[in-house]
Amino acid sequence: MVDSSRKPPQERKTRRMAARDRRQRILDAALHVFARENYQGATTAKIAEAAGITEPVIYQHFKSKRELFLEVIRINRKRMLEWNAEVLKAHDDPIKRYQAYTDMFMYYTTQTNRDVAMVWSMAFHVNDPELKEELRQTEDELLQQLTRDLRRSMEEGKIGSRHAPEVLSTLIFCLHGHLTWLTHVGAVHFRNWIYEDI
């Protein structure tokens with residue numbers, strides 16, 4: 001029996017990475033590079049180097065840096081909506097539910113994936129109509145998701161407020177950005193005052 005591990009390197013069969021895995025490696029590297037280099041500074045050459053591939057391989061999966069950036073945004077929008085949906089099902093008590101929702105956002109953007117937070121912040125300053133539409137749709141979906149839950153809680157009589165659910169969801173969503181910054185400087189306790197009016 002021949003031990004294939006003893007064959008010279010040129011005789012060994014190298015396992016090619018599956019296209020799906022290679023594409024994911026590119027996306028992971030792109031997120032990291034965009035977060036550190038900004039959109040303008042990130043190049044497909046830098047992304048390829050971070051992914052451990054050659055630059056032409058990127059163009060087998062994405063037509064351009066712009067298309068790659070848009071896909072990074074779309075993937076993380078989907079992840080954020082999925083995370084939010086799980087959190088909004090986690091507690092029967094609505095105040096605990098919305099506090100957990102805020103905590104999840106702060107944890108996601110400051111602990112789990114700071115690169116995502118940086119890319120989202122930077123994306124708002126990229127002058128591209130299609131990207132701006134992606135960001136608008138993301139905000140709309142996140143607001144609608146939270147508004148639906150707030151409306152249901154109000155209809156069930158679990159919370160009361162002089163504000164409409166759309167107003168409360170906008171308030172919570174807008175303050176998430178500020179709370180993320182406060183988390184960075186260690187002022188987590190400020191989270192609680194958002195909910196005093198509900």
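The values are calculated or read from the model by the stated rules, or taken from the named source; none is laboratory data. Just so it is clear, the structure is predicted and the values come from calculations on it, not from any experiment. Glycine gets a Cβ as well: all are built from the backbone with ideal geometry, and neighbour counts include every protein chain shown. The area values use the complete protein model at the heavy-atom level, side chains included, leaving out ligands, DNA and RNA. Shrake-Rupley method; radii C 1.70, N 1.55, O 1.52, S 1.80 Å.
Given the conditions (1) without any contact (Cβ under 8 Å) to a residue 60 or more places away in the chain; (2) in a helix (DSSP H, G or I); (3) farther than 30 Å from Arg22 by Cα, report the number of the one that Glu49 does not fulfil.
(3)
Quick one: what pairs do we get from segment 145-162, first residue touching a residue at least 12 places away in the same chain (Cβ under 8 Å) and of a type in the set (A, V, I, L, M, F, W, C), second open to solvent by less than 20 Å² (accessible area, probe 1.4 Å) and assigned to a helix (DSSP H, G or I), C-beta under 6 Å, 6+ apart or different chains?
Taking only residues 6 or more apart or on different chains, the pairs are Leu146/Ser169; Leu150/Pro165; Leu150/Leu168; Leu150/Ser169; Ile159/Pro94; Ile159/Ser153.
Filter segment 142-193 down to the residues that are basic (Lys, Arg) and not in a helix (DSSP H, G or I), then identify the one that is modelled with the highest pLDDT.
The extreme case among them is Lys158.
So which of Arg23, Arg66 ends up being part of a helix (DSSP H, G or I), touching a His at 6+ places or on another chain (Cβ under 7 Å) and modelled with pLDDT of 90 or more?
Arg23
Looking only at residues in segment 103-119 that are under 23 Å from Val167 (Cα atoms) and buried (at least 17 other Cβ atoms within 10 Å of the Cβ), which one is modelled with the lowest pLDDT?
Met106
Please verify whether Ala30 is assigned to a helix (DSSP H, G or I), surrounded by 19 or more Cβ atoms within 10 Å (Cβ to Cβ), within 15 Å of the chain's Cα centre (by Cα) and at pLDDT 95 or above, treating the condition exactly as stated. Write out each step before concluding.
Numbers: assigned to a helix (DSSP H, G or I): yes; surrounded by 19 or more Cβ atoms within 10 Å (Cβ to Cβ): yes; within 15 Å of the chain's Cα centre (by Cα): yes; at pLDDT 95 or above: yes.
Considered against the rule, which asks whether it is assigned to a helix (DSSP H, G or I), surrounded by 19 or more Cβ atoms within 10 Å (Cβ to Cβ), within 15 Å of the chain's Cα centre (by Cα) and at pLDDT 95 or above, Ala30 comes out as yes.
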